[in-house]
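Inspection log for the structure reproduced underneath, given as structure tokens.
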Amino acid sequence: MKNLVILGATGSIGDSTLKVIRKHPDKFKVTALSAHSNVDKIIQLANEFQPEHVVITGKAALHKVEQALSGLKTQVHGGKNSLNAIVSDKQVDLVVAGIVGNAGMESVLAAVAAGKTLLLANKEALVVAGELVMPLAKKTKANIIPLDSEHNAIFQCLGNGYEAGVRPDGVNSITLTASGGPFWEMDETLFESITPAQAVAHPKWNMGAKISVDSATLMNKGLEVIEAYWLFNIASEDINVLVHPQSIIHSMVNFIDGSVLAQMGCPDMQIPISHGLGLGQRLGNDADFLDLLQQKQLTFYQADSHKFKCLQLARHALSLGGTAAAILNAANEISVASFLKGQIRFDQIAQINDRMMNAIQSVNVESVAQLNDLDEEVRMKTKAAINSK
Ligand code: NAD
Ligand code: MG
């Protein structure tokens, strides 16, 4: 029986994780859940799983959740620091990092500092703080298992050849596949009329709003290039991106002998999550089985990083190193949120991200406090740039 903490339990990753957990009550005990503002959902989940701890990070939600759970043994905690405490608890075996954005960064570091097995969906944490996370994992022997479907696919293809942060032997390059999002075939001149509703309607994956917009701008693939760099210690030029609209091949490893291993499956996050949770054992889930006869065709296209500038910006951030990726991430979190609120156009997301990367100088990564200060500074400056338009 493994004791499990789910950070971001009320989100899309939380949903998929809990679907798998419900199938295996003999293998997992949910000891803690976190949520930001979805009061009704966390109350329902707490009643269902009766965890020892619930953490509510959104101020407005705390009191309501405390009241609603007062009849349970579950302890309700407020604030970001409580996330660090619950992941570090001695009895915890597995931590699912399913918070969206840099908001999850410190809890990822706390889980790694405590030497836990970290099932990582929260890619922004690595994008921002990879330079702190990976050496710390080496020191504490924390096991970092990627849940992001592409990185989990590569992890599966590498088998025993995977060690977090170490370039695997015999690998020439890796290929991340991208669905291309809803607009990869659209003429760029039409980008300015794209609405938030169109951007979050992903053709293949059912995900939270922020990552859905990132998929539409290809920023998601850019963040994933940076994520892959940290997880597998593979340089940007050895990380290929290929548009594969069916989302059946989730990524591939190209070995030095010409062998290519790919991982396939229906686009359902239960599959990589089951693989991560199983720790080497296959776990059943509710995802559909792949029917290639029905699928018939798998197609591939060059990713257009001219049309989708965010992909180019991410590679640029990686080549700059230091805090460049943290700057890009913070700018992107604000530009995406502003787009979702109708304050900027879709095509302005890349423009603003580019502008902020040029406006703020990258320096060496030194500490969490430095990254938090930088995150705040970039967010303020990005908001100011948007408001001045
Ligand atoms: P989501 O928006 O559906 O859920 C986000 C979760 O984070 C919620 O539980 C919310 O309560 C919590 N949260 C939001 N703001 C917070 C804050 N300020 N502080 C603390 N908690 C906060 O997002 P998602 O789609 O589940 O994505 C979660 C992460 O997983 C992202 O980093 C995303 O890139 C990654 N990911 C998601 C998918 C997917 O299929 N959804 C696939 C691969 C990777
Ligand atoms: Mg992915």
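Just so you know, all these numbers are worked out from the coordinates, no wet-lab data involved. What you see is a predicted model, and the numbers here were worked out from it, not measured in a lab. When we count neighbours, we look across all protein chains shown, and the Cβ atoms used for this are built from the backbone with ideal geometry, even at glycine.
Backbone phi angles across segment 349-354, fed through the Karplus curve with coefficients 6.51, -1.76 and 1.60 (θ = phi - 60°), yield HN-Hα couplings of 4, 5, 4, 5, 4, 4 Hz in residue order; Gly and Pro are listed as x. Taken over the C-alpha atoms, segment 173-306 has Rg and Dmax values of 15.7, 48 angstrom. Extension gain for the segment Gln44 to Leu72, taken as residue separation times 0.36 nm less the Cα-Cα distance, is 8.9 nm to one decimal.
Which value, to two decimals, describes the C-alpha radius of gyration of segment 146-220 once divided by 2.2 N^0.38 Å?
Against the empirical 2.2 N^0.38 Å value, I get 1.40 for segment 146-220.
In a GNM of the chain with a 10 Å cut-off on Cα contacts, which of Gly130, Gly79, Gly71 has the highest mean-square fluctuation? Comparing Gly130, Gly79, Gly71 in the GNM, the peak value goes to Gly71. Calculated FRET efficiency, Ala209 to Lys141, Cβ-Cβ distance, R0 = 51 Å: about 0.90 to the nearest 0.05.
With a cap of 13 neighbouring Cβ atoms within 10 Å, and only residues DSSP puts in a loop, list the trypsin sites (Lys or Arg not before Pro) found in segment 60-134. Intermediate values should be presented prior to the final figure.
Values: sites: Lys64, Lys73, Lys80, Lys90, Lys116, Lys123; in loops: Lys73, Lys90, Lys116.
Within segment 60-134, the qualifying trypsin sites (Lys or Arg not before Pro) (loop, at most 13 other Cβ atoms within 10 Å) are Lys73, Lys90.
Just so you know, the Rg over Rh for segment 2-146 is 0.95, from Cα atoms, with Rh as the Kirkwood radius. Sequentially through segment 233-247, phi angles give Karplus couplings (6.51, -1.76, 1.60; θ = phi - 60°) of 6, 10, 5, 3, 5, 9, 10, 8, 10, 10, 6, 9, x, 6, 6 Hz, Gly and Pro residues having no value and appearing as x.
Among Tyr301, Tyr229, Tyr162, the order by Cβ neighbours within 10 angstrom, fewest to most, reads Tyr301, Tyr162, Tyr229. The fewest-to-most ranking of Phe232, Phe49 by surrounding Cβ atoms within 10 Å reads Phe49, Phe232.
Here the dipole of segment 309-389 is about 420 debye; that uses its Cα centre as origin and unit charges on the Cβ of Lys and Arg (positive) and Asp and Glu (negative). Full extension of the chain segment joining Lys307 with Leu190 gains 41.0 nm, where the gain is 0.36 nm per residue of separation less the Cα-Cα distance. From the Kirkwood radius over Cα pairs of the chain, Stokes-Einstein at 4 °C and 1.567 mPa s returns a whole-number translational diffusion coefficient of 61 µm²/s. Distant-in-sequence amide contacts of Gly165, defined by a placed amide H-H separation under 5 Å and a gap of 5 or more residues or a different chain, comprise Phe232, Asn233. In this entry, segment 7-80 is assigned a mean projected area of 4.4 nm², taken as a quarter of its C-alpha convex hull surface.
The fraction of Cα-Cα pairs per 10 angstrom bin, counted from 0 for segment 285-389, comes to 13, 37, 22, 16, 11, 1 percent, rounded to whole percents. Along segment 117-126 the Karplus relation, 6.51 cos²θ - 1.76 cosθ + 1.60 evaluated at θ = phi - 60°, assigns HN-Hα couplings of 7, 9, 9, 9, 9, 5, 4, 4, 4, 6 Hz to successive residues, with x for each Gly and Pro. Based on alpha-carbon atoms, the Kirkwood radius and the radius of gyration of segment 330-389 give Rg/Rh equal to 1.00.
Estimated from the Cβ-Cβ distance and a Förster radius of 56 angstrom, the FRET efficiency linking Lys383 and Val260 is about 0.80.
Arranged by the count of other C-beta atoms within 10 angstrom, fewest first, what order do Val200, Val241, Val87 take?
Numbers: Val200 18, Val241 24, Val87 27.
Fewest-to-most ranking of Val200, Val241, Val87: Val200, Val241, Val87.
Amide H of Gln75 versus every other amide H placed in the peptide plane: which residues, excluding those fewer than 5 positions away on the same chain, fall under 5 Å? Residues meeting the criterion, in which the H sits 1.01 Å from N, are His53, Val54. Taking all Cα pairs closer than 8 Å and separated by 6 or more residues, the relative contact order of segment 274-389 comes to 24 percent.
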